[in-house]
Amino acid sequence: MFAAVAATLVSCGGGGGRPTFGDNEYPVQTAGVSTADMQSTYPATIKGVQDVEIRPKVQGFLTQINVKEGQTVVSGQTMFVVDNETYQAQVRQAQAAVNTAQQQVNTSKLTYENAQQLHANRVIGDYELQTSRNSFESAKAQLAQAQANLASAKEMLSFCFVKSPATGVVGTLPFKKGALVSASNALTTVANISSMDVYFSVTEKDAMIISQKGLNSIPDVKLQLADGSIYAHEGKVSRMSGVIDAETGSVQLIASFPNPEKILKSGATGNLIIPRQNTNAIIIPQSCVSEVQNKKFVYLLAEGNKVKYTEIKVDPQNDGNNYIVTEGLKTGDKYVTNGITKLSDGMEIVPITPERYQQKIDEQAKAMSAGDIVGAMKK
C-alpha cells in the first residue's frame, strides 16, 4: 500500500502538480551529455530491382495465356500467344519467294558458267559474257532480298509469342483470352524480387552531408513494413540521385534489401529507418517539458534561485519518455524536473536534488493517515 501511495504522489508531481511539502522546494537537475541511440525515419516505396512491362509488338487476338498472377517465370519463357495465322502465311509466302529466287540463282549461275566457256572458245563476245554475269548477280541480289523478307516475316511471327525478358514474378493479368491487344496494351509486369530497391527522399541539407561523407558512411538501414513490423533483413543505401526535386527540395536515395523469402512485394510502401548515434546528446525527461502552441519550454534555474521560462528545441525522434534537446539547453544548465505546473516565470524557489525530492515524497507518504491514503488513491 505504501508503494502505491508513493507512486500516486510521484505521478502528481510528474507532469502536473507536486506533493505539498509545506515549503517552496523543487527538484533541480543539471544538464549533462550522454550517448543516445537515435534514428531517422523516411516514408519509402518498395520496388523490384527490375520491373518490366510486358507488351506485344504486334496487334492481334490473345489465343493463349500461359501464366498466372504471382507465378515465377524465367527469362525467355513464353507468357502469351497472339493469333498468328496471318504471320504464318506470310512466312510461308516469304519462304516460297526464297525458293524461287534460289532456283533463279541456280539457273543464272549455270548460264554464266556456260557463257564463260563459250567466251574462252571465242564463240561469244565480251558483251554476251557481261550480260550473263549481270543476270547472275541480279539473281543473287533478288535471293538476298527474298531471304531478308523471310527473316522479317519470321521475326514478326516470333512477336506473336510474347516471352518474359527477365526472371521474376508475374503481376496482374488485365486481359483475358480472346481480347484484342496491341503494343499500347501492357499485358502484365514481371518483377525481379530476389532483391528489392527501397526509394526514399531526404532534404537537400542532409543530401549535402551524405555527399560529403559518402554513401558508405550511412550504416545498415532497416525497413518498417506497412503492418508496423520490422523487416528481418537489413539493407544498404546504394545510390543517390544527382538531381534535386524542384518542387519538394528533396533528393531521392535508394536502399537495397535482400528478399530471399519473397516477403517484399513490388509497389508496397513502408518506412525506411536509418539508425544514428549521438555521443553528445542532452537528454531530459518529457515530464519536465511543457508544450504551448507546438513550442516546448522548460524552467531553468537562474540567478537568485529564480526560474526562467525557456524555449527549447528537441529532436523529432524520441522514445516516448525522453527528449533529446538540440537548442535552448546546454551542459551545466539547471532545470526543474517536477512540479512545473506550479511554477511561473521569475518565481523564486528552493532548489533541492531529485534524490531529496523523492525522499520527501516517501516521508510524506509514510506520515499520511488512513483517510489521507484513501483520498490519495481516489485521485
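The values are calculated or read from the model by the stated rules, or taken from the named source; none is laboratory data. Note that this is a predicted model, so its numbers are computed, not measured. FYI the Cβ positions are ideal-geometry reconstructions off the backbone, even for glycines, and counts take in every protein chain you see. What goes into the accessible areas is simple: the full protein's heavy atoms, side chains included, and nothing from ligands, DNA or RNA. Shrake-Rupley method; radii C 1.70, N 1.55, O 1.52, S 1.80 Å.
Only one of these is surrounded by fewer than 16 Cβ atoms within 10 Å (Cβ to Cβ) and without any contact (Cβ under 8 Å) to a residue 60 or more places away in the chain: Q147, Q117, Q104. Name it.
Q117
Return yes when R122 is charged (D, E, K, R) and outside any helix (DSSP H, G or I) and no when it is not.
Against the criterion (charged (D, E, K, R) and outside any helix (DSSP H, G or I)), R122 qualifies.
Please specify each residue of region 192-215 satisfying the condition of being more than 24 Å from P260 (Cβ to Cβ) and open to solvent by 30 Å² or more (accessible area, probe 1.4 Å).
Selection gives S201, T203, E204, K205, D206, M208, I209, S211, Q212, K213.
What are the pairs with Cβ atoms under 7 angstrom where one residue, in region 58-76, is without any contact (Cβ under 8 Å) to a residue 40 or more places away in the chain and the other, located anywhere, is open to solvent by less than 90 Å² (accessible area, probe 1.4 Å) and β-branched (V, I, T)? Sequence gap at least six, or different chains.
N66/T78
Please go through region 64-79 and pick out each residue that is hydroxyl-bearing (S, T, Y), at pLDDT below 95 and in a strand (DSSP E or B). Let's see the steps before the verdict.
Initially, region 64-79 is screened for residues hydroxyl-bearing (S, T, Y), giving 72, 75, 78.
Filter once more, so that each one left must be at pLDDT below 95: 72, 75.
Within region 64-79, T72 is the sole residue that qualifies.
Scan region 290-312 for residues that are open to solvent by 50 Å² or more (accessible area, probe 1.4 Å) and touching a Gly at 6+ places or on another chain (Cβ under 7 Å) and jot them down.
K306, E311
Restricting attention to region 313-340, and to residues there that are touching a residue at least 12 places away in the same chain (Cβ under 8 Å) and exposed (fewer than 12 other Cβ atoms within 10 Å of the Cβ), which single residue is nearest to I273 (Cα to Cα)?
Only one residue fits best here, namely G320.
Checking L223 against (1) in contact with a His (Cβ under 9 Å, 6 or more places away or on another chain); (2) open to solvent by 60 Å² or more (accessible area, probe 1.4 Å), which test does it fail?
In the conditions (1) in contact with a His (Cβ under 9 Å, 6 or more places away or on another chain); (2) open to solvent by 60 Å² or more (accessible area, probe 1.4 Å), L223 misses (2) alone.
Among the residues of region 69-82, which ones are open to solvent by 60 Å² or more (accessible area, probe 1.4 Å) and touching a strand residue (DSSP E or B) at 6+ places or on another chain (Cβ under 7 Å)?
Of everything in region 69-82, those that are open to solvent by 60 Å² or more (accessible area, probe 1.4 Å) and touching a strand residue (DSSP E or B) at 6+ places or on another chain (Cβ under 7 Å) turn out to be E69, T72.
So, in region 293-337, exactly how many residues are touching a Lys or Arg at 6+ places or on another chain (Cβ under 8 Å) and either over 20 Å from P27 (Cα atoms) or not hydroxyl-bearing (S, T, Y) (or both)?
Selection size over region 293-337: 12.
Enumerate the pairs (first residue in region 284-302 and within 13 Å of G328 (Cα to Cα); second residue anywhere and open to solvent by 40 Å² or more (accessible area, probe 1.4 Å) and hydroxyl-bearing (S, T, Y)) with beta-carbon separation below 7 Å, excluding pairs fewer than 6 apart on the same chain, so at least 6 apart or on different chains.
That search, which allows pairs on different chains as well, returns F297/Y309; Y299/Y309.
In region 91-105, is there at least one residue being outside any loop (DSSP other than H, G, I, E, B), among the small types (G, A, S) and under 13 Å from R133 (Cα atoms)?
No, every residue in region 91-105 fails to be outside any loop (DSSP other than H, G, I, E, B), among the small types (G, A, S) and under 13 Å from R133 (Cα atoms).
Restricting to region 240-260, name every residue that is among the acidic types (D, E) and either open to solvent by 80 Å² or more (accessible area, probe 1.4 Å) or farther than 14 Å from F200 by Cα (or both).
E247
Out of all the residues in region 167-206, which are among the hydrophobic types (A, V, I, L, M, F, W, C) and either assigned to a strand (DSSP E or B) or out of contact with any strand residue (DSSP E or B) (no Cβ under 7 Å at 6 or more places or on another chain) (or both)?
Once the filter is applied, which keeps residues that are among the hydrophobic types (A, V, I, L, M, F, W, C) and either assigned to a strand (DSSP E or B) or out of contact with any strand residue (DSSP E or B) (no Cβ under 7 Å at 6 or more places or on another chain) (or both), region 167-206 yields V169, V170, L180, V181, A183, V190, A191, I193, M196, V198, F200, V202.
Suppose the filter is open to solvent by less than 70 Å² (accessible area, probe 1.4 Å) and either at pLDDT 95 or above or under 30 Å from E53 (Cβ atoms) (or both); does T189 pass it?
yes
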